Structure formats: C-alpha cells, structure tokens
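Chemist: Handing you a structure now.
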C-alpha cells in the first residue's frame, strides 16, 4: 500500500476536480456544488488511507516520489512527507469539504459564477497540498507562489466590504515575501551545488554569513505568510474581507505554510543561522501574542477580531518553534493543527452568524442567543476552544509550548502566559456582546436571525467539534506522528533537550 | 598592380539575411507592379514565405560555427539562436500587422497625408487595399536585425543598426488612428535614434584609434582585433573607455535602458500597436544580441572596468521602469515602462559572463518576446468606435464583458510579474542564477526589489479587469480574425510552455551559448 503514489495523486486530484467543476455550465450551480463536495470527500478518503499507511515509528520521510522536471536546473517533482506535513495534509483534507459545505450559498450572494467559486476552492486545495508535500525547494516555491492566485480571486471576487483593497494587499504582501524567498532560493541553489533536493541540501554546509542571509530571505517570506508581528497587517484586512469559507482556509491552512516553512526549511537547512536569529524570532513571537491580543480586544468587526486572535496564536507557534525543545516544537506543530480546527470552526460559525445578520459588526448584535440558541452555543464552544480551555484540543498544544519554553527561557514563557489571560478577555467579551445580554430589538426584525442552525450547518460544525474534543482528551495518535519529526528537526538544529530538572517542570505544571 | 583578392563568402550561412533583404526588395517591386486589390495578400504571403524560408535556413545552418565574408559576419550559436528568435517573433508580429479584420482596412495608412475619416481612408476601410508598404519595411528591418546580431566588426554593426532603424522610424509614423501621436512618436524616435547612432559611430572611431596603438598589429574594428587590443595594449585606456562608453550608449538606446529610455513610452504609445509589439520583441532581441557580442567578445578583457558601470545602469533601468510603471494610466505606456524594467533584468543576465549567463539571457529574450507580443495583441482587440481604448480606466470590468480575453491578459500579466508556471518566472530564474554565481548579488537583490514594485501596476490592471464593475464606456473586445488569433495563441502557449517545461529551450540556448572569436 505504501507504494501507492499518494502524494502526487493527492496533489493532482483536486486540480482535475477543479477543471471538471469549472467546465460545468453556469446555469447548473447545484451540480457544481455537489461535484466539488464529492471530489473533496474523495480527497479526504484518500488522505485517511494515507494516514494509516504512514508508519509513525518508521522513517522520518515517507511516500517519496520523484520525477524529473527541468533537468537543466536540477528541478524534480519530488514529494515526500514527514509527520508534520502529514498532519497538515490531514487538516486540509478535513477542512476543504467542510468549507465547501459551509459556503453552499456564499457564491450566490456575489452575483458571480458559482461553479468558478468552487473550482477556485479546489485549485486552492491542490496548491495547499502541493506546498506541504513538496520536497524540492523549487517545487515548494512554485506552489507557495501559485497558491496566491486562487486566494486572490476568492477574496477579490467573492469577498465582502473592501474586497479589492484586501485582495491586492494580500497578494502584494505575499508576493513581496515570495520574492525575498526567490532570491534566497536562487542563492541556495548556487551555493548548495545546483540542486533543489531537500535531502541533498540539508547535508550541505554553508558559510556562516551566506547561511544567515539565506535564512533571512526564507524567514521574511514565512513571517509574512504566518504572519508574525510586524508583518501581520494584511491578515485582518484579508480575513475581514474574504468570504467566511475562504477565510477559514486562509487562516486555518494557508498561514500554516509560514510556520511549516520555518520548521522544514529554515531550521534544518540553516541550523547555525536559526540559533543566531532565535532570540529575535522569540521576541517577535512574544510581541505578537500580546499586541495582537490587545488589538483583538478592541475590534468591533467579528472577522477582523478572529483574524487578530490568529495572529496571537501564531505568536505562540513561533515561540514554540524557536524555543528549540521537542516539547515546545511538538506543541507548536500540534498547535498548527488545533488552531486550524478551532479557528476554522470559529470563522465558519462567525460566517453563519454574519450571513444571518447581514453585518459583521459586533455592535449590530446583542442577545442573539435568545433567537438562535444552538448557533450561540456553537459560537461559545468555538470561542472556548480558541482561548485554549482545558479539555479542548488547543489547550494541549498551548500547554506543551509553554512548558517546553519554560525549561529553556523563563521570561518568554511567563510573558506568553499573559496571552492566555488576554485570550479569555477577547473571546468572552466577544461572546457576551453578540449572543448574551439583552436582546437587540433590531435583531428580531432580521428574518435570517429567526432560523437556527440548519442540518447542513450542523453537519459542518459537528466533525470539527468532535475532533476538538477528541484531540483535547486524547492527542496521542497525532503526537505520535509529530514527535519523531520534531525530534529530527531539533537534531538538525543541533539542540538537545535540557536535562530534566524536576523542579522546573513541576513549577511549570502548576 | 597586385591581384584583387575577394573574400570568400559562405552564401548558405548568410542565406537567412539574404532571403529577408531579397524579400524586401521584391516587396518594393510588388508595390509597383501588382494591382492594388491583390497587393495585401501578395505582400503578406511574400513576407511570410520569406520569414519561414529564413527560419528553415537558420535551422539547416544550426551546426555552423564560422566567420565569413571577410570577417564581417560571424555565424555561431548565439547568432543562430537570436536570428531564429527574431524570425519567429517577427512572424507573430507580421500576423498582427497583416490582420485586416480587427480594424477594417488594417492599422496602417499609406502615407502621412491621409487623415482619419477622409475619403481615401474610407476607401481603405471598404477593402480597396493600400497601406501595404509596411511589409517591405518590416522585411528590411528584420534583415537589418539579422545582420546586427551576426555582425563581427563594429562597422558592419553600425550599418546593420541603420538598416533596421530607418524602417522602424517610418513604421512608427504609419498609425491610421491618432495620427499626430504617431507622427510625433516617429519624429522623436528618429531624432533620438539619430543621436544614438552618431554616438555609436563616434565610439567606433575612438576604438579604431585605440587599436592603432599596438605595435606590430594593424588597426581595425573587427572584434578579434579589438579583443587583442584590450588584452595586450600597453597604451593608456582612455580611448578605450571613451569608445566603449559611446558604443554602449548607442546600444543601450536601442535596448531602452535608463537613462537612454525616454523615447520608449512615447514611441510605444504612438506607434501602431502591432509595430509596438514588433519593437518590444524583435528590437530588444537584436539590441541585446549586439550588446552580448560586443561585451562578451570584443571587450571581454575589460569586464572589470565595464561591469560596475553597466551594473549601475541595470539597477537604474529596473528602478525607473518599475517606479514609473506604477504611475501610468495608459496600457501601452505601462507596457513600455515594463519593457524598460525588463531591459534591466536582461542587463543582469548580460553581466553574468558565463555560459549559463549567456544562455539565460537568450532564454529571457525569447520568452519575453512571446509574452509581450501576446500582450500587445490583446491591446489591439480592446477597442471602440474611436480605435483602441488604451486608457486604463476603460478596461474596468473587462473581465465581465469578455472573460476569455481578460483571462488571457491576466495570465500574461502574471507572467510579467514573475509568478511561477509562466515563462516570466523561469526566465527571471535563468538570469538571476548565473548573476548570483558571478557574485553580482546586488543586481539580483535590486531585481527582486523592483519586481515587487512592478507587481503593483500589473495587479492594478488585473483588479481593473476583474474586480471593478463594467462602466458605460467599457469597450467590448473585438473577436480577432485568424491572423491575430494565431499570434495570440502562439504567444500564450509559449508563455505557458516555457513556464512549465523550459527544459527543451534551455537545452537549445545552452548548446548555442558560445561565441566564435
């Protein structure tokens, strides 16, 4: 079974689906939706099969495939995954069908082609899978850049208020990062012996200065993508303007490319430079946690608020990566998955709320729980997951990041912990102002607010809630896959975990 | 009296040049003797057949590596590749020039006195014919370009420069719409071009003076002599530097590099759009072909001296092109500034003195030519009763009116922006890689930074087309005739194929990347 070319099939399948959907007549939108949904389920099934074919205790990289592409430059279609990439592929495969289901009526609101919307979603899935499955730096870069195009049109054509501005800002920010990375990719190719193969490059030695410059080129691209403070300003605009489904993918998956890239490319390829820049990266992470959380507290737009919470969460992931301990690293990767689930859920629920009210402003709500109790309950749950309440999946990851960091860097861990308090503030206050309290009389006049969750919407949120609870109590299947990959990455960086000091671990556990 | 010794001439190697110049002369005869009604078809057929025959001859000569006709012409890998590129791109341009359906009667006038909507103009629209002078003019220009990239001494190069420049000046003035703009463009191009030619000639004279200073050798302006003089000369290099600078000015003017670029936006805007595409593609190939040969063959020994200067010019060109493109409101001017910026990227390739650098530059030239011709082909299609609607505000909502052509243009713009899976990306990679290897990291960084700036204007057009609502004045896209369609298909396919599988063309350019000396 492990000989099956999972990765190339997984990458190509959504693209074929997109072509099929795009060629369906515009007058049959329902058919397009069904085909797109069915196709994404097919990808999900294949991913699940791959998950079980992956042997957690086996090689670090599995399912390697390689086909020549541009022999003149040593470019190959090389795919392989480690535990980290595998987890991200699963996240994509789970989120895309749910997003398609959640966006069932989104495209109609924009008066634009409905099949095109779903075709774009599938193209996006193809590029997202490709970017995580690629093991050739050139191929990775190609997916990294091409990914922008479908997202650009999703935001620009189907988005809400200020969509043009948001789409252009998103594209330009990402492109700027991408071009820095291009310079670094070319530099890597020149000094790394004219190969793009990750395995070969990870064996190469670079001069200290060269490695630092190359690291910086990659890091800037990934920091913009993630986004880390101070490269984050595009995300609230893009997240606020994108249709809810696309926003869930944007924040849930697309941004993970940044943190994934740091783990896969920055740390193993430039270990010395990573150690040298680590204090700066940690500082950015910590500032991001606090700063974005403070801004989130002050938001009056639901989607922008969720975007800011994500920036704070990415601060945690950044801290977890650059703490260079296996615990923190595992926590960071687990966080990437859990954040995708929790924030994806939050974005989708918020989208349902906005679709009903016709407005994204918190001040337009108030006491909505009296009208749509189930929806309000789901929002509350999504909020609690997002603030990492014990029992939900994000708690495990946040806790791992914090203890992992505490063992090596106490001040950072302590400041980051403040972020948890702020998270409680922005989530609870948002929930209170939208669904609790006295009923806003204007709400009763909006017809949409009289409908609680439909069956379709329940099908969307149920799997996510189940996964968040399940992974909150029993994360072992996922950590088993992640752990070896993170350990290998930390070995590449040349950092071993500090010898356990009983005192400090207990202190952190308190 | 000593016997006159004639140089040996390899006619087969010169065949592409001879075919094009012969076709041009025949075209003049056709103009005189063939009846008016048939002239367009005959001229178009003649030019097309000549170009295809020349392409065949280039392919047959593919293995030639020789210097012929008394050392005036060098037929080697770069020559043959660039001649092939010029001819293929010229075929595309010819298809655009020959189209008589997008605008009834074609985009050209017979002579300057014919004003728009006059009786004669209307007769042309009704299909009486006329304005067929463009074909022989184009053939002359192409013939000149073929000599230009093959020239093995500076004087031949100068003659070739004039042979291809003069027809271009005329071609610029022949627009049927917006006559004043077109004539102004032609005059401007002519005046500045004449200055540039004068600089070039003066440079040739100074280099001749420099080579005369070597004991035991005769003076000359052929590249072998200049090369030897640069490496061996005991005399002061003042003459060399001055001559090199003046030569470079002449060549960089044609290549549209800053600060010799000021003519570009005006001429690109004023010239008939098919001719703009022809200049953006073929003139660029010819100019950079000559630059490569002059700096890699004749002045290779002085690379320490010219690299910093040319590098500064490259950075300036990229900056000027990118920054000024941001402020443009006319699509043709925008493409002009984009072409200036691309000249900067090409200069980065010229400054990588390796086989890979040469190969990358040639790849870039060919790939860019296809994309830019396709872009101008789309520009000819977006029109209303007044001719082409080139103001950007008129393109608002075009994606709704004609999603197909808007998608094509978006694809080309993404290629210009250097998004992967387009030729724009592979060609940037092809020049930046060798430049980094040649320790020109600063040029690569400048290239990357300006690419970011340049992405903005392209993106603005995309936003205009797709994300804005169509207005009252949004023109429709004319359904192109067979000729324009063919050119468009070739251009778009080449942009895609060279982006996805650049391997074969890279093999070709790598195999061709060696000069004979």
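Chemist: Going by the structure shown, is residue B:420 under 22 Å from residue A:218 (Cα atoms), touching a residue at least 12 places away in the same chain (Cβ under 8 Å) and within 8 Å of another protein chain (Cβ to nearest Cβ)? Talk me through it step by step, then tell me what you get.
Modeler: Details: under 22 Å from residue A:218 (Cα atoms): yes; touching a residue at least 12 places away in the same chain (Cβ under 8 Å): yes; within 8 Å of another protein chain (Cβ to nearest Cβ): yes.
Yes; evaluated as a whole, the condition is true for this residue.
Matching residues to (1) closer than 20 Å to residue A:224 by Cβ; (2) in contact with a strand residue (DSSP E or B) (Cβ under 9 Å, 6 or more places away or on another chain); (3) surrounded by fewer than 24 Cβ atoms within 10 Å (Cβ to Cβ):
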{"residue": "A:277", "(1), (2), (3)": "yes, no, yes"}
{"residue": "A:316", "(1), (2), (3)": "yes, no, no"}
{"residue": "A:326", "(1), (2), (3)": "no, no, yes"}
{"residue": "A:329", "(1), (2), (3)": "no, no, no"}
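Chemist: Do we find that residue B:370 is touching a residue at least 60 places away in the same chain (Cβ under 8 Å), within 27 Å of residue A:164 (Cα to Cα) and in contact with a helix residue (DSSP H, G or I) (Cβ under 8 Å, 6 or more places away or on another chain) in this structure?
Modeler: No; evaluated as a whole, the condition is false for this residue.
Table: residues versus (1) out of contact with any helix residue (DSSP H, G or I) (no Cβ under 7 Å at 6 or more places or on another chain); (2) in a loop (DSSP other than H, G, I, E, B).
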{"site": "B:7", "(1), (2)": "yes, yes"}
{"site": "B:39", "(1), (2)": "no, no"}
{"site": "B:62", "(1), (2)": "no, yes"}
{"site": "B:88", "(1), (2)": "no, no"}
{"site": "B:96", "(1), (2)": "no, no"}
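Chemist: Could you say which residue among B:496, B:414 is facing chain A (nearest Cβ under 9 Å), closer than 30 Å to residue B:101 by Cβ and modelled with pLDDT of 90 or more? Please lay out each step first, then the result.
Modeler: Working: B:496 fails: facing chain A (nearest Cβ under 9 Å).
Exactly one of B:496, B:414 is facing chain A (nearest Cβ under 9 Å), closer than 30 Å to residue B:101 by Cβ and modelled with pLDDT of 90 or more, namely B:414.
Chemist: I would also like to ask the following. State which residue is farthest from residue A:292 (Cα to Cα) when the search covers only the stretch A:375-393 and only residues that are in a loop (DSSP other than H, G, I, E, B) and touching a helix residue (DSSP H, G or I) at 6+ places or on another chain (Cβ under 7 Å).
Modeler: Of everything passing the filter in the stretch A:375-393, A:391 is farthest from residue A:292 (Cα to Cα).
Chemist: Can we say residue A:420 is under 23 Å from residue A:284 (Cα atoms) and under 22 Å from the mean Cα position of the chain (by Cα)?
Modeler: On the way: under 23 Å from residue A:284 (Cα atoms): yes; under 22 Å from the mean Cα position of the chain (by Cα): yes.
Taking the combined requirement at face value, the residue satisfies it.
Chemist: In the stretch A:134-143, what count of residues is obtained for those that are at the interface with chain B (Cβ under 9 Å from one of its Cβ atoms) and more than 18 Å from the chain's Cα centre (by Cα)? Working first, answer last.
Modeler: Let us first name the residues in the stretch A:134-143 that are at the interface with chain B (Cβ under 9 Å from one of its Cβ atoms), namely A:138, A:141-143.
Okay, now just the ones that are also more than 18 Å from the chain's Cα centre (by Cα), so A:138, A:142.
Residues flagged as at the interface with chain B (Cβ under 9 Å from one of its Cβ atoms) and more than 18 Å from the chain's Cα centre (by Cα) within the stretch A:134-143 amount to 2.
Chemist: While we're here: Is it the case that the stretch A:1-20 has a residue that's out of contact with any strand residue (DSSP E or B) (no Cβ under 6 Å at 6 or more places or on another chain), part of a helix (DSSP H, G or I) and over 18 Å from residue A:129 (Cβ atoms)?
Modeler: First pass over the stretch A:1-20, keeping only residues out of contact with any strand residue (DSSP E or B) (no Cβ under 6 Å at 6 or more places or on another chain): A:1-4, A:9-20.
From what is left, the residues that are part of a helix (DSSP H, G or I) are A:9-20.
Now drop any that are not over 18 Å from residue A:129 (Cβ atoms), which leaves none.
Scanning the stretch A:1-20 turns up no residue that is out of contact with any strand residue (DSSP E or B) (no Cβ under 6 Å at 6 or more places or on another chain), part of a helix (DSSP H, G or I) and over 18 Å from residue A:129 (Cβ atoms).
Chemist: Condition check: in contact with a helix residue (DSSP H, G or I) (Cβ under 6 Å, 6 or more places away or on another chain) and modelled with pLDDT of 95 or more. Does residue B:84 satisfy that? Give the derivation first.
Modeler: Values: in contact with a helix residue (DSSP H, G or I) (Cβ under 6 Å, 6 or more places away or on another chain): yes; modelled with pLDDT of 95 or more: yes.
Taking the combined requirement at face value, the residue satisfies it.
Chemist: Every residue in the stretch A:87-112 that is outside any helix (DSSP H, G or I) and either in contact with a helix residue (DSSP H, G or I) (Cβ under 8 Å, 6 or more places away or on another chain) or within 17 Å of residue A:343 (Cβ to Cβ) (or both), please.
Modeler: The initial filter retains those residues of the stretch A:87-112 that are outside any helix (DSSP H, G or I), namely A:103-106, A:111-112.
Those that are outside any helix (DSSP H, G or I) and either in contact with a helix residue (DSSP H, G or I) (Cβ under 8 Å, 6 or more places away or on another chain) or within 17 Å of residue A:343 (Cβ to Cβ) (or both): A:103, A:104, A:105, A:106, A:112.
Chemist: On to the next question. Just wondering, is there one or more residues in the stretch B:466-479 that are within 12 Å of chain A (Cβ to nearest Cβ), at pLDDT below 90, over 26 Å from residue B:349 (Cβ atoms) and part of a helix (DSSP H, G or I)? Break it down stepwise before answering.
Modeler: Let us first name the residues in the stretch B:466-479 that are within 12 Å of chain A (Cβ to nearest Cβ), namely B:466-469.
Applying the additional criterion that residues be at pLDDT below 90 yields B:466-469.
Filter once more, keeping what is over 26 Å from residue B:349 (Cβ atoms): B:466-469.
So of that shortlist, the ones also part of a helix (DSSP H, G or I) come out as B:466-467.
Yes, the conditions are met somewhere in the stretch B:466-479.
Chemist: Could you list, in sequence order, all residues of the stretch B:103-130 that are in contact with a helix residue (DSSP H, G or I) (Cβ under 7 Å, 6 or more places away or on another chain), buried (at least 23 other Cβ atoms within 10 Å of the Cβ) and modelled with pLDDT under 80? So that I can check it myself, show each step before the final result.
Modeler: Of the residues in the stretch B:103-130, the ones in contact with a helix residue (DSSP H, G or I) (Cβ under 7 Å, 6 or more places away or on another chain) are B:104-105, B:107-108, B:112, B:114-116, B:128-130.
Now restrict to residues that are buried (at least 23 other Cβ atoms within 10 Å of the Cβ): B:107-108.
Within the stretch B:103-130, just B:107 meets the criteria.
Chemist: Of the residues that sit in the stretch B:499-517 and are touching a helix residue (DSSP H, G or I) at 6+ places or on another chain (Cβ under 7 Å), at pLDDT 85 or above and not in a helix (DSSP H, G or I), which one is nearest to the other protein chains (Cβ to nearest Cβ)?
Modeler: Step by step, filter the stretch B:499-517, then rank; the result is B:502.
Chemist: Go through (1) in a loop (DSSP other than H, G, I, E, B); (2) buried (at least 21 other Cβ atoms within 10 Å of the Cβ) one by one and return the number of the condition residue B:171 breaks.
Modeler: Of the numbered conditions (1) in a loop (DSSP other than H, G, I, E, B); (2) buried (at least 21 other Cβ atoms within 10 Å of the Cβ), the odd one out for residue B:171 is (1).
Chemist: Here's another thing I want to ask about it. Search the stretch B:432-460 for residues being more than 8 Å from every other protein chain (Cβ to nearest Cβ), in contact with a helix residue (DSSP H, G or I) (Cβ under 7 Å, 6 or more places away or on another chain) and surrounded by fewer than 21 Cβ atoms within 10 Å (Cβ to Cβ), and hand back the single one that is farthest from residue B:375 (Cα to Cα).
Modeler: Looking at the filtered set, the residue picked out is B:438.
Chemist: I would also like to ask the following. Please determine whether any residue of the stretch A:63-85 is on the phi > 0 side of the Ramachandran plot, more than 14 Å from chain B (Cβ to nearest Cβ) and in contact (Cβ under 8 Å) with a residue 40 or more places away in the chain. I'd like the intermediate steps shown before the answer.
Modeler: In the first step, residues of the stretch A:63-85 are kept if they are on the phi > 0 side of the Ramachandran plot; the result is A:63, A:74.
Those left that are additionally more than 14 Å from chain B (Cβ to nearest Cβ): A:63.
If we keep only those that are in contact (Cβ under 8 Å) with a residue 40 or more places away in the chain too, we end up with A:63.
Yes; the residues of the stretch A:63-85 include at least one that is on the phi > 0 side of the Ramachandran plot, more than 14 Å from chain B (Cβ to nearest Cβ) and in contact (Cβ under 8 Å) with a residue 40 or more places away in the chain.
Chemist: Which one is nearest to the other protein chains (Cβ to nearest Cβ) among residues in the stretch A:144-173 that are outside any loop (DSSP other than H, G, I, E, B), closer than 16 Å to residue A:251 by Cβ and touching a residue at least 60 places away in the same chain (Cβ under 8 Å)?
Modeler: Top of the filtered list is A:167.
Chemist: For the stretch B:388-404, what are the residues that are out of contact with any helix residue (DSSP H, G or I) (no Cβ under 6 Å at 6 or more places or on another chain) and within 18 Å of residue A:113 (Cα to Cα)?
Modeler: B:397, B:400, B:401, B:402, B:403, B:404
Chemist: Please go through the stretch A:349-372 and pick out each residue that is farther than 17 Å from residue A:427 by Cα, at pLDDT below 85 and assigned to a loop (DSSP other than H, G, I, E, B).
Modeler: Scanning the stretch A:349-372 gives A:358, A:359, A:371.
Chemist: Of the residues A:200, A:223, only one is out of contact with any strand residue (DSSP E or B) (no Cβ under 6 Å at 6 or more places or on another chain), away from chain B (no Cβ under 11 Å), part of a helix (DSSP H, G or I) and surrounded by fewer than 24 Cβ atoms within 10 Å (Cβ to Cβ); which? Step through it out loud before you land on a result.
Modeler: Working: A:223 fails: surrounded by fewer than 24 Cβ atoms within 10 Å (Cβ to Cβ).
Selected residue: A:200, the only one of A:200, A:223 that is out of contact with any strand residue (DSSP E or B) (no Cβ under 6 Å at 6 or more places or on another chain), away from chain B (no Cβ under 11 Å), part of a helix (DSSP H, G or I) and surrounded by fewer than 24 Cβ atoms within 10 Å (Cβ to Cβ).
Chemist: Filter the stretch B:430-460 down to residues that are assigned to a helix (DSSP H, G or I) and in contact (Cβ under 8 Å) with a residue 60 or more places away in the chain, then give me how many there are.
Modeler: If we filter the stretch B:430-460 for residues that are assigned to a helix (DSSP H, G or I), which is where we start, we get B:430-437, B:441-460.
The next check asks that each one be in contact (Cβ under 8 Å) with a residue 60 or more places away in the chain; those that pass are B:430-435, B:437, B:442-444, B:446-447, B:450-451, B:453-454, B:456-458, B:460.
Of the residues in the stretch B:430-460, 20 are assigned to a helix (DSSP H, G or I) and in contact (Cβ under 8 Å) with a residue 60 or more places away in the chain.
Chemist: Which ones in the stretch A:288-315 are part of a loop (DSSP other than H, G, I, E, B) and closer than 18 Å to residue A:402 by Cα?
Modeler: Selection gives nothing.
Chemist: For the stretch B:225-282, how many residues meet the condition of being part of a helix (DSSP H, G or I), in contact with a strand residue (DSSP E or B) (Cβ under 7 Å, 6 or more places away or on another chain) and closer than 16 Å to residue B:165 by Cα?
Modeler: 0
Chemist: Within the stretch B:305-324, which residues are in contact (Cβ under 8 Å) with a residue 60 or more places away in the chain and farther than 18 Å from residue B:288 by Cα?
Modeler: Matches in the stretch B:305-324: B:305, B:319, B:320, B:322, B:323.
The values are calculated or read from the model by the stated rules, or taken from the named source; none is laboratory data. These numbers were taken from a predicted model, which means no experiment stands behind them. We place every Cβ from the backbone using ideal geometry, glycine too, and count neighbours over all the protein chains shown.
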